[in-house]
Structure formats: C-alpha cells, structure tokens
Amino acid sequence: MRGLAGAALIVLAAACLSGCSSDYVMATKDGRMIMTEGKPSIDKETGLVEYTDQTGHAVQINSDEVSTIIER
C-alpha cells in the first residue's frame, strides 16, 4: 500500500510540473503560425526571436517577421 501511495504522489507531482510550462503561438507577417514550447525570448541586440519548436530544436527568426506572440 505504501508503494502505491508513493507512486501516485510521483505521478501527481509530474502532472503538476508539466502543466507549468506554457506554449505560445507566433504569427508571422507572411501568415505562418509557429507553435513554440515555452516563451520565446527577444534578443534586443541582434533583433532575433529565439524559441524552441515542437521537436525540441532551438530556432531563431528575425523579429521584423513576427507580428504577434500569444500564449496558448
């Protein structure tokens, strides 16, 4: 019984932690919708928006090409 309660606690904790990460959608000026994992960051020095795509790769796009960033 004690092992089952411990396993249930671990599953509950994992479910809570996975819900903390928000996904975002970026709309580009040419009409594309880009789904990201986590919040994109904007580098003010280079003018690039860096985000992680849904396959887990880090990608950069020029901020001039982005029209909107919204949380899903």
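The values are calculated or read from the model by the stated rules, or taken from the named source; none is laboratory data. Keep in mind that what you see is a predicted model, and the values were worked out from it rather than measured. Heads up, the Cβs are rebuilt from the backbone with ideal geometry, glycines too, and the neighbour counts pull from every protein chain shown. In case anyone asks, the SASA skips ligands and DNA or RNA and just uses the protein heavy atoms, side chains included. Shrake-Rupley method; radii C 1.70, N 1.55, O 1.52, S 1.80 Å.
Give the range 26-44 a look and list any residue that's among the charged types (D, E, K, R) and more than 12 Å from Asn62 (Cα to Cα), or say none. Residues satisfying the conditions are Asp30, Arg32, Glu37, Lys39.
For the structure I just gave you, tell me whether Asp53 is out of contact with any His (no Cβ under 7 Å at 6 or more places or on another chain), of a type outside the set (S, T, N, Q) and open to solvent by less than 60 Å² (accessible area, probe 1.4 Å). Yes; evaluated as a whole, the condition is true for this residue.
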